[in-house]
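Peer 1: Dropping a structure here in structure tokens format, bear with me for questions.
The values are calculated or read from the model by the stated rules, or taken from the named source; none is laboratory data. In this text the structure is predicted, and so the values were computed from the model without any measurement. All Cβ positions, glycine included, derive from the backbone under ideal geometry; neighbour counts span all protein chains shown. For the accessible areas, the whole protein counts, side chains as well, though only heavy atoms, and no ligand, DNA or RNA atoms are used. Shrake-Rupley method; radii C 1.70, N 1.55, O 1.52, S 1.80 Å.
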Amino acid sequence: MGPRGLQVESVALDEIAARFGTPCYVYSRAALTTAFAAYRDTLQAKGLLDRALICYAVKANSNLAILNLFARLGAGFDIVSGGELARVLAAGGSADKIVFSGVGKAREEMRAALEAGIHCFNVESASELEQLDEVAGQLGRRAPVSLRVNPDVDARTHPYISTGLKTAKFGVAFDQAFEIYRRAASLPHLQVKGIDCHIGSQLLDPAPAAEAADKVLGLVDRLAAAGIALEHIDLGGGLGITYRADEPAPPTADYLGPMLARLAGRKEKLVFEPGRSLVGNAGLLLTRVQVLKHGEARHFAVVDAAMNDLMRPALYDAWHEIVKVGAGGTAAGTPMPYEIVGPVCESGDFLGHDRELALQEGDLLAILSAGAYGMAMASNYNTRPRAAEVMVDGDAAHLIRRRENVAELFALESVLP
Ligand SMILES: *Cc1c(COP(=O)(O)O)cnc(C)c1O
């Protein structure tokens with residue numbers, strides 16, 4: 001923290017608050033670029049870069065400026081809806097670097113993706129294969145497919161973001177995958193291209209991902225022996241980030257290392273689908289203290305951001321570091337443990353519990369590591385306009401999504417005649 005208080009790159013956060021208002025998401029172009037470079041450099045160091053495609057998982061943060069930045073860096077994209085397809089294309093991403101994941105693709109979405117000419121569909125069920133074959137047939141095309149297999153490894157993360165267990169709704173069961181590949185290979189409007197797996201999110205231990213890679217490679221070899229040769233292997237995303245110092249995430253190279261070691265000497269192309277690890281620590285949520293409330297049992301700081309802006313604490317009991325922006329001149333309050341809460345009418349509307357802070361009304365707070373699954377999960381609950389988003393690039397701050405206004409929130413509604 002310099003004399004001007006907390007900064008993102010060379011821009012002071014209190015200036016951003018004054019110019020764009022709060023609550024406001026603030027991202028750093030340099031941090032986004034650095035996170036992408038960590039993947040690129042790791043693959044380069046292993047001699048794998050020229051046969052690898054890094055597909056940013058759009059759902060983590062789908063702002064056009066962020067998609068455009070990754071497109072300029074050479075990224076592909078992992079999408080989960082027709083809406084995300086449209087965003088990627090609007091942001092300048094190339095269709096032939098898009099992989100399409102998701103357990104329930106609508107026929108309309110399949111059609112749009114086929115017409116755009118995406119790289120591959122990550123198919124998640126036997127029925128989806130049949131439907132995709134039919135849709136591709138109607139368009140006179142062959143759909144490129146991978147099967148998302150569920151390797152049944154325990155990613156040891158939060159149950160809501162663990163996806164690779166037998167009990168998960170994602171992917172096809174590992175034991176059924178071989179038969180489903182044989183079926184895929186026999187369908188006239190499909191082209192079997194690859195295999196995909198993604199075992200969960202916020203993973204801090206490289207072992208489960210390496211274990212999943214082992215299982216996937218075993219299956220790839222069995223398929224090849226049966227005459228089904230795959231061109232690419234998609235190992236998903238999932239690398240976690242450091243939200244708190246006592247639960248550090250491994251550097252990208254350390255996380256990927258054991259997995260990549262298993263791929264040495266193979267011929268297939270590689271696809272990765274990182275989301276959180278590219279954007280999570282590149283963004284924060286800037287908010288202002290509205291009211292301090294000293295109850296009998298607890299001290300509350302009611303801020304102008306809420307669960308509708310950042311849902312992770314309410315949804316996953318997730319922990320975000322919260323710091324005072326503390327630009328010079330503000331007299332400090334008395335340090336005490338605060339519940340940092342929003343104005344939404346839910347007891348689950350909290351952003352942090354029991355945070356020792358010296359606060360005064362009007363203070364600015366930064367909720368850190370909010371770049372992933374923050375704005376992307378924001379809603380208008382309580383008819384609250386969604387926050388503005390700003391990207392800092394050196395000493396310039398660019399508005400990349402203006403704050404919604406209230407009239408826009410009910411503009412699509414109508415009353416009975
Ligand atoms: C969400 C998701 C990702 C990205 O996960 P992160 O944990 O954000 O890296 C990648 N692939 C699929 C299929 C996903 O659903």
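Peer 1: So what's the chain giving for Rg/Rh, alpha carbon basis, Kirkwood Rh from the mean inverse pair distance?
Peer 2: Reported Rg/Rh, Kirkwood definition of Rh: 1.01.
Peer 1: Rounded if a/c is under 1.5, else prolate if a/b beats b/c, else oblate: with a ≥ b ≥ c from the C-alpha gyration tensor eigenvalues square-rooted, which is the range 29-276?
Peer 2: Cα axes put the range 29-276 in the oblate bin.
Peer 1: To the nearest 0.05, what FRET efficiency results for L399 and R142 with a Förster distance of 45 Å applied to their C-beta separation?
Peer 2: According to the calculation, E is roughly 0.55.
Peer 1: Using modelled amide H (1.01 Å from N, peptide plane; none on Pro or chain starts), what sits under 5 Å from the amide H of H299, excluding residues fewer than 5 places away?
Peer 2: E339
Peer 1: Taking a virtual spin label 7 Å from the Cα of S379 along the C-beta vector, which residues in the range 328-370 bring their backbone nitrogen under 14 Å of it?
Peer 2: Only 344-350 fall inside the zone, counting backbone N under 14 Å.
Peer 1: What order do you get for 367-374, 382-389 when each peptide is scored by the mean count of other beta carbon atoms within 10 Å, highest first?
Peer 2: Highest-to-lowest ranking by the protection proxy: 367-374, 382-389.
Peer 1: Within 15 Å, Cβ to Cβ, of S186, how many net charges do the neighbouring residues add up to if Lys/Arg are +1 and Asp/Glu are -1?
Peer 2: -1
Peer 1: Now a separate question. So what's the range 208-327 giving for Cα Rg divided by 2.2 N^0.38 Å, two decimals?
Peer 2: 1.60
Peer 1: Taking each full run of DSSP H in the chain as one helix, which ones are at least 27 Å long along their axis (Cα atoms) and have mean Kyte-Doolittle hydropathy of at least -1.0?
Peer 2: Membrane-span-like by this criterion, though nothing is claimed about a membrane: 206-225.
Peer 1: Further question: Using 7 Å Cα-to-Cβ label points, what is the S347/A229 separation (nm, one decimal)?
Peer 2: 6.3
Peer 1: Give me the net charge of P385's neighbourhood, meaning all other residues with Cβ under 9 Å from the Cβ of P385; Lys, Arg count +1, Asp, Glu -1.
Peer 2: Net local charge, P385 excluded: +1.
Peer 1: A further question on this structure: If R0 is 22 Å, what FRET efficiency do you get for R183 and L89 from their C-beta distance, rounded to 0.05?
Peer 2: According to the calculation, E is roughly 0.10.
Peer 1: Quickly work out the R107-to-Q360 label distance, labels modelled 7 Å from Cα along the C-beta direction, and quote it in nm with one decimal.
Peer 2: Modelled inter-label distance: 6.5 nm.
Peer 1: Using every Cα-Cα pair within the range 173-266, state what percent have a distance larger than 20 Å.
Peer 2: Every Cα pair in the range 173-266 considered, those over 20 Å come to 44 percent.
Peer 1: In whole angstrom, how long is each semi-axis of the equivalent ellipsoid of the range 40-110, when you take the square root of 5 times every eigenvalue of its Cα gyration tensor and sort them from largest down?
Peer 2: Value: 23, 14, 9 Å, ordered largest first.
Peer 1: Between A253 and T34, what is the label-to-label distance in nm when each label sits 7 Å out along the Cα-to-Cβ direction?
Peer 2: So the label points at A253 and T34 sit 1.5 nm apart.
Peer 1: I would also like to ask the following. Provide the FRET efficiency to the nearest 0.05 for the A45-R266 pair, computing r from the beta carbons and using R0 = 25 Å.
Peer 2: Using R0 = 25 Å, I get an efficiency of 0.90.
Peer 1: Leaving ligands, DNA and RNA out of it, report the carbon-plus-sulfur percent of the accessible area of the range 155-277 at a 1.4 Å probe.
Peer 2: Using a 1.4 Å probe with all protein chains present, the range 155-277 comes out at 53 percent carbon and sulfur.
Peer 1: Filter the cross-link list K46/K105; K59/K293; K59/K267; K59/K269 down to pairs whose alpha-carbon distance in this structure exceeds 26 Å.
Peer 2: Those over the limit are K46/K105; K59/K293; K59/K267.
Peer 1: Can you pull the percent of the range 44-108's accessible area that's carbon plus sulfur, 1.4 Å probe, other chains left in place?
Peer 2: 51
Peer 1: Report relative contact order for the chain in percent, whole number only (criteria: Cα-Cα under 8 Å, sequence separation at least 6).
Peer 2: 20
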